[in-house]
Every structure is written in structure tokens, then in C-alpha cells.
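J.: Quick one: the structure is below, questions incoming.
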Amino acid sequence: MQKRVEKIIKGTFMRKFHPLNSLSVKLFLLITLVILSIIALMTWQNGKTYEISLSKNFKQQSLAAVNNSSNLISKEIKRVEENIDNIIKSIDKNSAKNSVEITSHYFKNNQNWISFQLFEEGNAQELKAQVIIFNANSDSIYYESHLPKTVHSKINKKSSLFLSNRIKWYANNNVHVWSMARLLKLPVYSIAKKITGNDRKTVYWGIVTLWQNEIMSSLKASKQSQHYILDRQGRYFSSNHFNEITEKKSLRSLEIFKNAEKSNHREGFIEKFFDTSGKVLMGAFATIPAYKITIVYQQEKSHIVNTVKKLVVKNIKWGIVFFLIAILIVFLNSSSLADNLSGLRDSVAQISTGNYETPIPSRSRDELGQISSYINNMIVEFRLHEKHEKDKAWIDHEWKTSAAVKNILFPKNSQRVNYLNIAGHSIPATEYNGDWWGHFSCGNKLHYVIIADAAGHGVAASLVTAMAYSFCNTIAHQMRTEQKESYTPNILLKEFNEMLCEPKQNNVTMTMFAILLDLENNKMTIANAGHQHPILIPKLSNDPRIKKRRKSLQKVSLRSPINLSQSGSILGYKTNSQYEINEYDLSPGDKIILFSDGIVSCKNPEGQRWGQNLLLQSILKTIDTPVDDMVDRIRIDALTFVENEPLEDDLTIVCLEIPEKSIFGDHG
């Protein structure tokens, strides 16, 4: 009996089990293969999309890198040029005996300067040394093991030779830049500037030799990318790898350098080119024609391919894991697979049609449940990706809408109409501009000039500025066609305020300053709705309208500013707000400057605001120039103060001028 039981047990449990004989197992394996096929197809599609995205991102990154380096290098060389001008003019005026005293100030403020040399150019373009001074304050850490005296000696001997060759080769250039790294085995370069003496006959050349630390700091290389600068011969001018700039190796044969030489554009991108060793590269270039310099940012194209391969391999590994888990489930629990697979089959069918809203039900905690969880995570990622693409499309639509509104609303930068010169410029802090200004001719030598600042950014702010433009344009049209002169600035502000306050749930506000110019009677009427006060600057320094003078501004100009002070509530805040007007006399040569609060509140890297005092100094320095030049100069002064700090608010400046009668005729 015992032997019989043992035989039955052995026959039952020791019999070989073949799970593939089960119809449910076959169905499960078939569905598993279908899922793997779908995953493989999605992996291939995602790999292609990812490769395109990586290439696009690198193009944007590389173009931004070379443009940023180009701007920083141009700015640094321009600054050195200005210093050379100042030094030579001072030496020419005070004689070379005081050259050490004159240059000491510049050496102290420029510790990366190694030396300053002054040469006088003779009849046959011969150079005669006048002044050679070395900077005792130059940072010694850059010399490394080199003796400063040895470096100074080589600079003294070779600078004139280098400059002479460049004068012969490029006789029309007044500025020359070349690398001294190959000679000195140090990261050093020279800048030469040509200037005519006070006697208008003597020609001087000033050479500043300095360390490349400022230039090298603009080069952002990584393990995968290279960022370097080439001179006109295609040799390394500067690089993050010091051994490269000391070599005589030329990269003139590189396709990217040839394209940079031939291109009519100052920047470009090449999808594919080869280096000297045959590696396939991709990269961007930017040229600085004035200094014959080419900036290159590149990386191996295989880096993107390898990144995509890693993604594909990762997905393949997950697919293999998925398949192995499926087989394990078959052998461990083949009898319960059919029910679980039915839900998995239906969900996968939905995914294959692009429906990511239906998650895969996880009916168990075994491997099949884990697979369902993995695919559900994939569905979440796809949904997030779709949402990101939709959000990106919406943002692009908002930007295009705002840009279209800006192109319609903003007048030309510079205008000269009906005895009035006007120029303006606006710089948005983001893609969307909340500032707006406009000029409207109202007939009978009446002109409205308006500046406004809508709260917020984006399409909402653009629509408010569109309302302001439409409203002001309608008022001007009525004044022209119906001869209505009752729309004084206070009425204009009052009616537009009521329009903004009319919606019950309105939360949009705007500041605005309105000026009505009567050029027939030489009068100006103003009203303000919470905006920055404009500045009136008379032509004559003894103008009787000037009641108060600032001593701090007398050093800049004898002409004194008049603050057009006027109070008033912002628009869109209270329905019953009232606005007052003030009237001023106008004189030929008067200039009026309007601006938004962004120009006085902009900050430099130290957190200091530009403020109204620096704005007034900038205005007075350029007060005798045309209005379009004034606007450009004020804008440049503000951005120079800010340096690379992002703007916190939109920046707008408008200048208008009442021309003198001797130029444009009598207003009558």
C-alpha cells in the first residue's frame, strides 16, 4: 500500500509540466509579444524624436555660446581701445615724461594688463618706440614658472615686429589684435590702436599686452564640447586648453572655419563637418570682422548618437525584463493568467491607438502587476509630455500675439512731422511688453504724445495697450475730423479710466501720462495717471521757466531740467477718479523726455538702482544731439549700467523736440 501511494505521488508531482500546452498561456505569450513590439516601435520613434530634439537644443546652445563670447570679447577689446585712446591723448598733451604717472592709473585699475607701449609711425610705416612701461600691479599668479623680466623682454622685442607686419598686410585697419601665447608660452594677447596726435600730423600706435583671463572666462567648454577662438590664419587665439594656444597648428582647413570666412553672416551653424583626425563634428561659429577673430563651439556628433543609443538600450533592457517576467509568471501561475491578461490586452489596445487616459489595471502584486505599474508610469510620462507640448504651443501663441500687437501699436522709432521731432524705444523685460507709447496728430497743429505702463505682461497687458491705442486714436480722429478741441488730457484720462473700470471683475490697471502740444500757440497741457513725471529741458540756460537748479548737474551741462510734476490716480482703480491739468509755455529748442519706471528702477549686479540722477546726467550729456541719438545713448547708458543683469521691468524712453524756427520755419 505504501509503495502504491509513493508511486501515485511520484506520478503526480514528478510528471513534467509543459505550460505552453495551455491555451491561456499561449494567449498570454502572444499578448506579451505584441506589447514588446509596441514598446520597440515606440522606442524607435522616441529615439528619432529625441535625436532631433538634442540636435536642436545643441544648435541653440552653441549659437548662444558663440554669441555670448563674441559680445564679451568685443566689449573687452572696445574698453581697452578707449583706454589706449585716453592714454595716448594724455601723453601727447603732457609729453612722454609724464607717461609713467599717466599709465599708473590705468595699470592700477587693470591688473590683467602686462605692459603699455607707444610707437610713432614714420614715413615708410616705420615704428619708433616712444614709451614702454610694464605694469608692476599685474597679477603674478599668471606668470607661473616664467620670470616676469624674461616675459617683458620678449614683449619689448617682438611687439613692434608683430605690429609692423600687420600694418603692411592690413594697411587700412586702425585696430589690430594678435596672440602672444605661442611666443611667450603664456595666455597673453596684444591690442594695438592707431591714433593721430594733437598736431594732426603725428601718427601714434599704442599697444596693450594683457592676460587672456577675461577672454578665457567667456569660453564654456565641457567634457563633450569644445569652445575656442581662432585668429585670421586659423590658429588658436584662445582656448580652455592652454597647450592648444601655444601650438602653431592651423585649423584653416576645417570646414567650419572656411564657412566662417565665406559667410555673409556674423554667425552660423554647421550640422556636419570633419576635424583633422576625421571625427564627425557639429557646431556653431561667430565672427568679429573688426578684429579678424572666429569663435567656435563644437562637439562630436557621435555624442548625440550615443545618448540616443543609451535610451534605446535602456528601453530594450526594460523590454527584456518585461519578457522574462512574463515567462516567469507563466511557469509560476499559468492558471490565473487569462483573467489578468484580458485587462492588460484591452489597455494595451487603447495605448496602441494613442489613448493614454485608460490605465492598466493592476489586479495582483506579482510580476504582472509590476509590469502594469511600469507601463502606467510610461503612460504618465507620455501624458506629461503631451501637456508640456500643449503648454509650449500656448506660450508660443501668446508670444506671437503679443509681438503682433506690439508691431501694430508702437510707432516708428523716429519721426519728424509738423514741426515736431520725436523718437522712442522700448525694451521688454520678458517676451511680452507691458509698456506702450504713442504719437497722434490731432489737426490744427495739435499733437498728443502719450506714454503708458500696463500692470503685468502677456496677452492681457497687450490687450490693455491695444485698448489704449484704439481709444487715443479715436480721440485724435474726432479732433481732426469734427474739430473737437474739448478732449484735454484730463478728459482723455477720465474717460479711459471709466472704460477700464466698467467690467465688474476688472483687475487690470495702467499708468499713463498724456501731453497735448499746441504748436500754434506754443502751449503744452499735461495730465497724469500715476506715471513717472517727464522732464522738460529748455534750450537756454537762463530760461525764466527754470525755478530751481541742481548743482550736481551743472558739471554735466549748463542747461537745467524742469520736472513736469503732476499727480493723479492710476487707471482702472476707481471709477470716479478725477484728473487735473497743468499748462506750460513752449519755446523753440525745448526737449521733453518721457520714460517708464523700468528705466530708473533697473539694477546693476551689486543691486544698485540707476535712479533719476543718473538718468538726468545721461540726458544732459546728449541734450544737444538729435532726439533719435539721445534715445540710443540713454538706452546704451542704462544697459551698460545693468551689465548682464536681467531686467525686472520693461524699459521705455521717448524724446520729443520743438525745433527752432530758423530750421523749420515759423509755426504760424
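The values are calculated or read from the model by the stated rules, or taken from the named source; none is laboratory data. It should be emphasised that the depicted structure is a prediction, and the values quoted were computed from it without experimental measurement. Cβ placement follows ideal geometry from the backbone for every residue including glycine, while neighbour counts extend to all protein chains displayed. Areas reflect the complete protein model, heavy atoms only, side chains present, ligands, DNA and RNA absent. Shrake-Rupley method; radii C 1.70, N 1.55, O 1.52, S 1.80 Å.
J.: Take the Cα of Ser90, step 7 Å along the line toward its Cβ, and report every residue of the range 201-222 whose backbone nitrogen sits under 20 Å from that point.
T.: Residues 204-211 fall inside that zone.
J.: So how much slack lies between Thr575 and Glu606, counting 0.36 nm per residue of separation and subtracting their Cα-Cα distance, in nm? Intermediate results must be reported in sequence, preceding the final value.
T.: Numbers: separation 31, 0.36 × 31 = 11.16 nm, distance 4.13 nm.
Contour length minus Cα-Cα distance gives 7.0 nm.
J.: What is the extension gain from Ala171 to Asn98, computed as 0.36 nm multiplied by their sequence separation minus the C-alpha to C-alpha distance, in nm to one decimal? Mind dumping the intermediate values first?
T.: On the way: separation 73, 0.36 × 73 = 26.28 nm, distance 3.05 nm.
Working it through step by step, the gained length comes to 23.2 nm.
J.: Taking the solvent-accessible surface of protein heavy atoms with a 1.4 Å probe, what is the per residue accessible area of the range 559-655 in Å²?
T.: Details: 4340 Å² over 97 residues.
It amounts to 45 Å² per residue over the range 559-655.
J.: Which entries of Lys59/Lys194; Lys220/Lys309; Lys89/Lys258; Lys75/Lys548; Lys201/Lys262; Lys89/Lys149 show an alpha-carbon separation above 31 angstrom in the structure shown?
T.: Details: Lys59/Lys194 38 Å; Lys220/Lys309 26 Å; Lys89/Lys258 40 Å; Lys75/Lys548 39 Å; Lys201/Lys262 37 Å; Lys89/Lys149 28 Å.
Going by Cα-Cα distance, Lys59/Lys194; Lys89/Lys258; Lys75/Lys548; Lys201/Lys262 fall outside the 31 Å limit.
J.: Could you give the spread of the C-alpha atoms of the range 469-560 along their three principal axes, from largest to smallest, in whole angstroms?
T.: Between the extreme Cα coordinates on each principal axis of the range 469-560 lie 52, 35, 18 Å.
J.: If you don't mind, there's one more thing I want to ask. Taking the simple approach of a point 7 Å from Cα along Cα-to-Cβ for both Asn264 and Lys128, what is their distance in nm?
T.: Calculated label separation equals 4.7 nm.
J.: Oh, and also: Amide H of Cys602: which non-local residues (sequence gap of 5 or more, or other chain) have their own amide H closer than 5 Å, using H built in the peptide plane?
T.: Trp610, Gly611
J.: Rank these residues by their accessible area, most exposed first, probe 1.4 Å: Ser462, Ser569.
T.: On the way: Ser462 5, Ser569 55 Å².
Ranked from most to least accessible, the order is Ser569, Ser462.
J.: Determine how many Å³ per residue the convex hull of the Cα atoms of the range 27-93 encloses. List each step's numbers first, then the result.
T.: Details: hull volume 3.1 nm³, N = 67.
Per-residue hull volume (Cα only) is 47 Å³.
J.: Report the trypsin sites (Lys or Arg not before Pro) located in the range 559-668 that are in a DSSP loop and have at most 14 other Cβ atoms inside 10 Å of their Cβ, or state none. Please report the intermediate quantities before stating the final value.
T.: Numbers: sites: Arg559, Lys574, Lys591, Lys603, Arg609, Lys621, Arg633, Arg635, Lys661; in loops: Arg559, Lys574.
Passing sites in the range 559-668 are Lys574.
J.: What's the carbon and sulfur percent of the range 509-668's accessible surface, probe 1.4 angstrom, rounded to a whole number? Provide the component values of the computation, followed by the final result.
T.: Values: 3430 of 7470 Å².
Carbon plus sulfur share of accessible area: 46 percent.
J.: Okay, moving on. In whole Hz, what ³J(HN,Hα) sequence does the range 202-211 give by Karplus (6.51, -1.76, 1.60; θ = phi - 60°), x for Gly and Pro?
T.: Karplus values, whole Hz, x for Gly and Pro: 6, 10, 10, 10, x, 10, 10, 9, 8, 6.
J.: Moving on. So the label point goes 7 Å from the Cα of Met499 along Cα→C-beta, right? Which residues of the range 435-454 then have their backbone N under 12 Å from it?
T.: Answer for this model: none.
J.: In addition: Any chance you could run the full-extension gain for Ile491 through Gln111? It's 0.36 nm times the residue separation minus the Cα-Cα distance, nm to one decimal. Present the calculation step by step, with values, prior to reporting the outcome.
T.: Details: separation 380, 0.36 × 380 = 136.80 nm, distance 6.03 nm.
Full-extension gain reported as 130.8 nm.
J.: List, in the order given, every pair from Lys539/Lys621; Lys56/Lys603; Lys248/Lys301 whose Cα-Cα distance in the structure shown is over 23 Å. It would help to have the intermediate numbers written out before the result.
T.: On the way: Lys539/Lys621 14 Å; Lys56/Lys603 33 Å; Lys248/Lys301 26 Å.
Listed pairs above 23 Å: Lys56/Lys603; Lys248/Lys301.
J.: Which distance in nm do the two modelled labels at Arg633 and Phe242 give, with both placed 7 Å along the Cα-to-Cβ direction?
T.: Spacing of the two 7 Å Cα→Cβ label points: 4.5 nm.
J.: Could you go through the range 596-607 in sequence order and give the Karplus-derived ³J(HN,Hα) for each residue, using 6.51 cos²θ - 1.76 cosθ + 1.60 with θ = phi - 60°, rounded to whole Hz, and x for Gly and Pro?
T.: Those phi angles translate into 8, 5, x, 6, 8, 9, 5, 10, 8, x, 7, x Hz.
J.: How high is the FRET efficiency from Leu324 to Leu384, r the C-beta distance, R0 35 Å, rounded to 0.05? Don't skip to the answer; put the middle values down first.
T.: Values: r = 28 Å, r/R0 = 0.81.
Once the sixth-power term is evaluated, E becomes 0.80.
J.: Restricted to Cα positions, what overall size does the range 517-668 have along the principal axes? Three whole-Å values, descending.
T.: Over the range 517-668, Cα extents along the principal axes are 50, 44, 28 Å.
J.: Still on this structure: Across the range 164-177, in residue order, what do the Karplus-derived ³J(HN,Hα) couplings come to in whole Hz, using 6.51 cos²θ - 1.76 cosθ + 1.60 with θ = phi - 60° and x for Gly and Pro?
T.: 4, 4, 6, 5, 5, 6, 10, 5, 8, 7, 9, 9, 10, 10
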